Amino acid sequence: MAIQTFVASTVLTAAQMNALQGNDYNQTVSTKTASYTLVAADKGTKIVMNSASATTITVNTSLFSAGDTLTILNIAAGVCTVTAGTATVSTTGSLALAQNGGGTLYFTSAGVSVFLANGVTGGGKVLQVVTATTATPVTTTSASYVTSGLTATITPTLNTSKVLILTSQSVDRNSSVDASNFTIFRGTVAGTNLGASTGMGGIYPEIFAQMSLVFLDSPATSSAQAYTVGMRNNSGSSNTRAQSEARTSSMVLIEIGA
């Protein structure tokens, strides 16, 4: 039951009294499965968003008064964003709520509010992990970067998140007079070279190695992001191969709340 406004001679039923008492402890819950605009009756209640798709909760002015509060919780996979309509919404955290994220909306006046995040998606927390593997050999003699066959895609839940990229790849080269290079690209090898590079050289006719790369990226988006390991020869005079002898290579993408 939402908070009631009492006037002289107001009479409540037993059921209403019980509902008001319960609200003191549990709050009245209103579950939404699509984007929603707050109304005055939401004061003192809990709005629970339950949608697999992205949603918004819009906050307008002249519905609430200074000191009014309500709770917002997102229980589904779709990101729910608390959005300023005609009112203003400030926060020191994020207004984009990932699954199980939430907080309290507090009004300092009829048109000004502050969102106090619960911190369940706060800095340093792992929000999701994506793993990809391949055992398909790829060989190149190119002096320009080509795909090594190792790639993975992640869709950040928040545009403030960072993505930690970890790779482990079996590689070899069949010449001691050249060197091979490996690096991580955001997107394909035609995309952004993140500079997480390492090389392989040596004195033996054929060299095998287990290559590992680590990079912490800040994609600044909540759209799907692909990451690819590219490889090349320094001079193009030898063969560089990934997934040597069909050994399995892996990439792990970890979204970390900022």
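Read-outs: derived from the displayed coordinates by stated rules, not from any lab. Not measured: the values here are computed from a predicted model. Positions of Cβ are backbone-derived with ideal geometry, glycine not excepted, and every protein chain shown enters the neighbour counts.
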Between helix 14-26 and the chain, what is the angle of the helix's C-alpha long axis to the longest principal axis, kept within 0 to 90° and rounded to the nearest 10? 30 degrees
For the chain, calculated [θ]222 nm from helices alone, where every DSSP H run of n ≥ 4 adds -39500 (n - 2.57): -1500 deg cm²/dmol
Would you mind checking which residues have amide H under 5 Å from ALA110's amide H? H placed 1.01 Å from N; only 5 or more apart, or other chain. ALA66
Between the residues SER180, LEU253, THR140, the Cα farthest towards the positive end of the dipole of the stretch 126-256, that dipole coming from +1 and -1 charges on the beta-carbon of Lys, Arg, Asp and Glu, is from LEU253
Can you give the FRET efficiency to the nearest 0.05 for SER62 and SER144, using r as the Cβ-Cβ distance and R₀ = 45 Å? 0.15
Between LEU97 and residues 5 or more places away or on another chain, the pairs with built amide H atoms under 5 Å apart involve CYS80, THR81, VAL82
Quick shape check on the chain: root eigenvalues a ≥ b ≥ c of the Cα gyration tensor, a/c under 1.5 is rounded, otherwise prolate if a/b tops b/c, else oblate, and it reads prolate
Other-chain or far-sequence residues with amide H under 5 Å of GLN225's (modelled H): ILE154, THR155
Candidates LEU73, LEU12, LEU216; GNM for the chain (alpha-carbon contacts under 10 Å) flags as most fluctuating LEU12
Taking a ≥ b ≥ c as the square roots of the eigenvalues of the Cα gyration tensor of the stretch 14-117, is the shape rounded (a/c under 1.5), prolate (a/b larger than b/c) or oblate? oblate
